[in-house]
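Worksheet for the structure shown next.
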Amino acid sequence: MPKTWDELRQAAEKLPFERNGKKVIGIGFENSVGWQFHMWVRQAGGRYIDEATGTVLFDSPEGRQALDFIAGLFKDKIARLAGEDQYMSNPFGRGDVAMYIGSSAGIPFVAKAAEGNIHWAAAAVPAGAKRAVPFAGNAVAVFDSATPEEKLAAWLFIKTLLNTDNTAYWARETGYLPIRRSALESPIWKDFVKDHPANGVGTEQFDAGFFDPRIPGFDAAMKIVQKEIEAVLLGEKAPGAALPDAAAKAQAEIDRAKARSRE
């Protein structure tokens, strides 16, 4: 399995072939690849957005290296997006692409799509100048506007939801990862990954994990980044123009959100 960017590129070049009159593409990316851009910038050794100040930092040599790498795969026609399939688990499961980088939450969908079509396995995400793998998932929160009784009830629910056995059970049933290290030693999880090794690959990368900045306006900023990167991959915009545009527009969105939060 490819362990570096160079090896990933080489594999994407070698894997395409004709199958039943249809060309199998070397590598696939989710339509939301712009949301993964944080990972590529970090892997190149760069910084994305400073959480403390809200300063956008990805318009940098490392950011350009990351975008050039991804764009080069599309330019040479050895990569594709999920397109109308929405998620890459479907094209991969059909055998339309030879490999793809996606969420552990997609594993059940891959297994379903791949049944009777392909044999498949999972491996750790390749690394650039450094290893970096994003943590993402659904938020569990208590609103400050809740009553004291509601806050207590919410906390008791969260405490139950996230205990060792329940987070292991949740991960087993959904493809998401356990969120407590103690769950990795739970018989529920250990017995499961023994029979389903692909599900255990995500937990092997915990030491390289990171999460997105927790700042006002981040989601809106990322939609802007997604749009700019998609324009590059579709050949509508050059990386050298898209990256500073994405940074400037994202910064403006974050600044607006910060200003609103002070009102």
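Miscellaneous remarks
- Of all accessible heavy-atom area on the chain, the percent that carbon and sulfur account for (1.4 Å): 54
- P(r) weight above 15 Å for segment 83-165, C-alpha pairs, percent: 70
- Amide H contacts for Leu81 (H built 1.01 Å from N in the peptide plane; partners 5 or more residues away or on another chain; cut-off under 5 Å): Phe29.
- Probe 1.4 Å, protein heavy atoms only - accessible area per residue of segment 1-145 in square angstrom: 55
- Scattering profile of segment 1-109 at q = 0.17, 0.23, 0.24 Å⁻¹ [log10 I(q)/I(0), Debye over alpha-carbon scatterers]: -0.85, -1.30, -1.36
- Taking a straight line from the alpha carbon of Lys77, these lysines sit under 16 Å away, with near neighbours fewer than eight places off in the same chain left out: Lys14, Lys22, Lys23.
- Computed with the Debye formula from one identical point scatterer per Cα of segment 160-218, without solvent, the log10 of I(q)/I(0) at q = 0.22 Å⁻¹ comes to -0.83.
- Per residue Cα convex hull volume in Å³ - calculated over segment 67-212: 156
- Other-chain or far-sequence residues with amide H under 5 Å of Tyr100's (modelled H): Gly28
- For segment 182-245, the percent of C-alpha pairs falling in each 10 Å distance bin, counted from 0 to the bin holding the largest distance, reads 17, 25, 22, 23, 13, 0.
- For the chain, alpha-carbon Rg over 2.2 N^0.38 Å: 1.09
- Working note: 222 nm ellipticity from helices only, DSSP H runs with n ≥ 4, each -39,500 (n - 2.57), summed and divided by the residues of the chain, gives -14000 deg cm²/dmol to the nearest 500.
- Arg19 sits among other residues whose Cβ lies under 14 Å from its own Cβ, and their net charge, with Lys and Arg +1 and Asp and Glu -1, is +1.
- 12 Å beta-carbon shell around Asn166, net charge (K/R +1, D/E -1): +1
- Residue-count net charge about Ala127 - beta-carbon cut-off 15 Å; Lys, Arg +1, Asp, Glu -1: 0
- 3J(HN,Hα) from dihedral phi, segment 50-59, Karplus parametrisation 6.51/-1.76/1.60, rounded to Hz, x for glycine, proline: 6, 5, 5, 10, x, 7, 6, 10, 7, 7
- Taken one residue at a time, the phi angles of segment 175-187 give Karplus couplings (6.51, -1.76, 1.60, θ = phi - 60°) of x, 5, 9, x, 9, 10, 5, 4, 5, 5, 9, 5, x Hz. Gly and Pro are set to x.
- The HN-Hα couplings worked out from phi for segment 230-246 by the Karplus form 6.51 cos²θ - 1.76 cosθ + 1.60 (θ = phi - 60°) are 4, 4, 5, 5, 8, x, 8, 8, 7, x, x, 9, 5, 5, x, 5, 4 Hz, whole numbers, x standing for Gly and Pro.
- Restricting segment 67-157 to GluC sites (Glu not before Pro) in coil, as DSSP defines it, with at most 14 other Cβ within 10 Å: Glu115
- Projecting the Cα atoms of Phe109, Phe92, Tyr48 onto the charge dipole of segment 1-143, computed from C-beta unit charges around the Cα centre, puts Phe92 farthest toward the positive end.
- The chymotrypsin sites (Phe, Trp or Tyr not before Pro) found in segment 197-244 that occupy coil by DSSP, while having at most 12 further C-beta atoms within 10 Å, are Phe211.
- In terms of its C-alpha gyration tensor, segment 146-263 has an oblate overall shape, because the principal axis ratio a/c (a ≥ b ≥ c, square roots of the eigenvalues) is not below 1.5 and a/b does not outweigh b/c.
- Summarising the amide proton neighbourhood of Leu57: residues at separation of 5 or more, or on other chains, whose placed amide H is nearer than 5 Å comprise Ile49, Asp50.
The values are calculated or read from the model by the stated rules, or taken from the named source; none is laboratory data. No experiment lies behind these values; they were computed from the predicted model shown. Note that we place each Cβ from the backbone using ideal geometry, even for glycine, and neighbour counts take in every protein chain shown. In case anyone asks, the SASA skips ligands and DNA or RNA and just uses the protein heavy atoms, side chains included. Shrake-Rupley method; radii C 1.70, N 1.55, O 1.52, S 1.80 Å.
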